[in-house]
1. Could you name the lysines whose alpha carbon sits less than 20 Å from that of B:LYS521, not counting residues in the same chain fewer than 8 places away?
2. Strictly over 28 Å apart at the Cα level, which of B:LYS94/B:LYS144; B:LYS266/B:LYS292; A:LYS112/A:LYS363; B:LYS38/B:LYS90; A:LYS38/A:LYS90; A:LYS85/B:LYS519 would you flag in this model?
3. Roughly how far apart, in whole Å, are the Cα centres of the range A:57-75 and the range B:374-436?
4. Kindly rank B:121-131, B:403-413 from highest to lowest mean number of other beta carbons found within 10 Å of each residue.
5. So, by mean Cβ neighbours within 10 angstrom, what's the order for B:264-276, B:100-112, A:11-23 with the highest one leading?
6. Given that compact globular proteins tend to follow 2.2 N^0.38 Å, what is the ratio of the alpha-carbon Rg of the range B:220-371 to that value?
7. Have a look at the range A:1-68 and give its Rg and Dmax from the Cα atoms, expressed in angstrom.
8. Within the range B:58-93, which trypsin sites (Lys or Arg not before Pro) sit in a loop by DSSP and count at most 14 neighbouring Cβ atoms inside 10 Å?
There are 2 protein chains.
Amino acid sequence: MMMFEYDKNIIVIDSGLMFPASDMHGIDYVIPDYQYLKDRIDQVKAIIITHGHEDHIGAIEHVVTDFPNVPVYATPLTCGLIEVKLRSAKLLDKVTINTVPTNGSFQVGPFKVEFFRMCHSIPDNVGVGITTPAGLVVHSGDFKLDQTPVDGKPSDFAKIAELGNRGVLALFSDSTNAETPGFTPSEREIEHALELVFRDAPGRVIVATFASLLSRVQQVANICEIYGRKMAVAGTSMVDNIKMAQKMGYLKIPDGMLVKLEDAIKMKPSDVTIMATGSQGEPSSVLTRMAKGRHPTLNVEIGDTIVMSANVIPGNEESIFRTVNRLFQCGANVVYPAIARVHVSGHACQEEQKLLINLIRPKFFIPVHGELRMLKAHSRLARDLGIPASNIFVGENGTPVEFQDGNARQFERLKGGWVFVDGRRVGDIGPVVIRDREMLSREGFIMQVIRRNNDGALSEDPEIITRGWVHMKDSQEFILQLAESVGKTLADVTAAISDDVVKTRATEALARLVSQETKRKPLIITVVA
Amino acid sequence: MMMFEYDKNIIVIDSGLMFPASDMHGIDYVIPDYQYLKDRIDQVKAIIITHGHEDHIGAIEHVVTDFPNVPVYATPLTCGLIEVKLRSAKLLDKVTINTVPTNGSFQVGPFKVEFFRMCHSIPDNVGVGITTPAGLVVHSGDFKLDQTPVDGKPSDFAKIAELGNRGVLALFSDSTNAETPGFTPSEREIEHALELVFRDAPGRVIVATFASLLSRVQQVANICEIYGRKMAVAGTSMVDNIKMAQKMGYLKIPDGMLVKLEDAIKMKPSDVTIMATGSQGEPSSVLTRMAKGRHPTLNVEIGDTIVMSANVIPGNEESIFRTVNRLFQCGANVVYPAIARVHVSGHACQEEQKLLINLIRPKFFIPVHGELRMLKAHSRLARDLGIPASNIFVGENGTPVEFQDGNARQFERLKGGWVFVDGRRVGDIGPVVIRDREMLSREGFIMQVIRRNNDGALSEDPEIITRGWVHMKDSQEFILQLAESVGKTLADVTAAISDDVVKTRATEALARLVSQETKRKPLIITVVA
């Protein structure tokens, strides 16, 4: 999410979600902290979405709920994907969605917004030129400069050059692959690799990818046509997206090729291809459940060829490769990017990033969309191209840059950061709960219940209940011994000693024993009943 | 760990540890499950270690404790590293360690064991030829075929060829990089990249690597000499290893170059290099503590150049890149393998793996040392070289292969797998505790204490204590409401109703309310006091 503000007019670019890092225990997903916008709710004039991937539309439910009167602007396919999402959240009637062609433009307050087509791994992806009273700024959106994209529609170089010729104050550009030299291979190259896989596959071919990677679905359909295979789709989000994209004309699948999953299972394996979710090893995805033998209808069968046709999202390496290993264990042949080009990145590498900078020739350069290390790498490229270091602003999320009279200045990062979504609640979980979850995950907890007589003495040894420290069932004797030891340290307790003191002494005694015996530090809670 | 067995004689090759996967919550490290050996303790005749990395010697404490009378055989540097480890565990006097030269041989029962030098990212690394009554088998050890290794001692091609000429029954070969085409670059190439880093560094250079990567220490010392820098070492394990390697002549550091860390901090930054642990983002390592501002003496300073000179161990990507980003935030310049060749793999790529197979020309091929996907990739290579699929055995840890009369047969995988080490205890934590920790990490727990009157009714609403579900302090009112609601569902309780029934009803009521209000599923424990 990014915002542009001028004279109490704010436009928002993109409303994505982030998948939780491995130390964000139990969090479903993460949305940006847009308290700054909530504090200026009347100033927010438009929500502009550059394309339909989750990291750009995944927070849309929350945003349209918080800004009910603000119109959304996006290209046709992006609108389609947003509508699928809002319909399932029962929010579709709450918001005005304006469809803008990929070369369209519109005015919002003082901003003239111009879309221009940029290639990415989804059709109808755009960059945005914004003419403001302070000058023209250009936001690349996610992009690669694919010369042979699957939909035959390359990036709009003419428009990019034209924007450059107008004189650009600042370029905000996608930094994802700023560490990688050269050019990103064309999506078209995947087709050759996939074709070899299909040619050699003795049985079913199962292709796992993102639910929104519609160009991959088109490519698989093209190859299914060559090899006379039917195609079935597993995974609700993918089924919904494919339906919508077909209806809108973004997917051209021959009549009769799509079959129902339950029918596909009964067909001759070599006649069938299944598109599925799960390319990131997500626990609830079709492929992961198949790999664990927990999918209701789909089992991995010997002779299956399973294609992981997606890049590795950083942090997902372990779960992806665990799934790959499990699928091999089940007897499938697994094809993944490390051994065949069945996926290429959707983002520009260094040579494309340089080309964009040289086409736009901005005065100021702000690398966006990437971890700090990627932004740093992108800023080094810009310096190599002659943009002075003083005209490059590297800032993490929440860092404002102000433009005035052709000058620019970066401010301190605003407070805030991420908002965690967990279950029904948004933002109620902060660092304390996460730290507790982290500690519980490493050490578990022990609870001891102490019951006192009328004369204040312990009526019995403490009752100890534990999870995540030692196995309660296997360690019964050991636990009883500990309880007895704690009991002994409290043998002198009388009615004169308060519950609080008993609690503290019992907790300290148990912690000491636990550390001595196991060198572990579970959370200890003592209750005096 | 691998074992060879003939007629009640067992020799063990390597005794490594595994770093815990991210779902092995709270586990310190993982050792192999060698119950099979414990059940045959009198048959174990030798423990042979191929080199001194943690994944080959990290379980040695446990192994020498369990097999106190079994001698260890290893090359000089490997013995040195084992001794450092056993000394700190106070086990050094409990075991016989036999030093064998890299081209040495020895007899153990029916086995004639011959070492041969193989390049790797540590000196004194060997492969092993074992002449058994069933035939000659060769184990590659970890290897790469580096033509210009840092210590100037390439792999012993002559011996490898000679073994091949004798006729090899089976080759067991390192599969780590079986997915990667071509040759692994020479360690020597790192020196060029490092030199450029040193040339351009305005202040201190901090090089993070593994404590046992002694060739990297040598390379950094070489460059320090060129640029007239002193070298300090941070991290106990690295300090111990360097001391030992210097004493044994494996590290040649000019007199006066090594300085104490406390002195280095006071010197002019451009005169200093610091070697540190933490290349994997390990929480307790020097570099991670520096990045978090939690190291007692070392702070990241603006002008520092920090080199991550190690490969990414799969699963560590997130913590490594988080450290890189944090170091950038602190104002350092960070150089890491994605942007400069400051590390190369220590393992052979496909062309080297093929060359080894062609030199050895084994009848049977068994890919080892790698995840299943790597073993599969290695087996495809062997097939490409003409080894029939029926002579290749792909098996995960614990899968026996039997050779008899020139034939071979693979058996079902033995029961067992990993043994978890957590704190003082080895193997007491199994799947149940791990599952509890996983659940606690995602949802936390709630404890409710119910106190009953003499007439059996609740004397007050349940007392609710929670961690990892909602923030107790911020949610006091909400928690009191829940307690009141649970209390109401138990309003009819009398002395006739047992504690167990009250417990069940209270737990069910609370679980229902928690799910309704938060859509979360914490562990709920009810205690009736």
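Read the figures in this text as sums done on the coordinates, not as results from a lab. All of these numbers come straight from a predicted model, not from anything done at the bench. Cβ coordinates were reconstructed from backbone atoms using ideal geometry, including for glycine residues, and neighbour counts include every protein chain displayed.
1. B:LYS473, B:LYS503
2. Working: B:LYS94/B:LYS144 34 Å; B:LYS266/B:LYS292 21 Å; A:LYS112/A:LYS363 20 Å; B:LYS38/B:LYS90 22 Å; A:LYS38/A:LYS90 22 Å; A:LYS85/B:LYS519 20 Å.
Beyond 28 Å: B:LYS94/B:LYS144.
3. 51
4. Highest-to-lowest ranking by the protection proxy: B:121-131, B:403-413.
5. Numbers: B:264-276: 18.8, B:100-112: 15.8, A:11-23: 20.5.
In decreasing order of mean packing, B:264-276, B:100-112, A:11-23 become A:11-23, B:264-276, B:100-112.
6. Working: Rg = 18.6 Å, N = 152, 2.2 N^0.38 = 14.8 Å.
Relative to the rule-of-thumb radius for its length, the range B:220-371 sits at 1.25.
7. For the range A:1-68, the Cα radius of gyration and maximum Cα-Cα distance read 12.7, 41 Å.
8. Numbers: sites: B:LYS85, B:ARG87, B:LYS90; in loops: B:LYS90.
Here the sparse-neighbourhood loop sites are B:LYS90.
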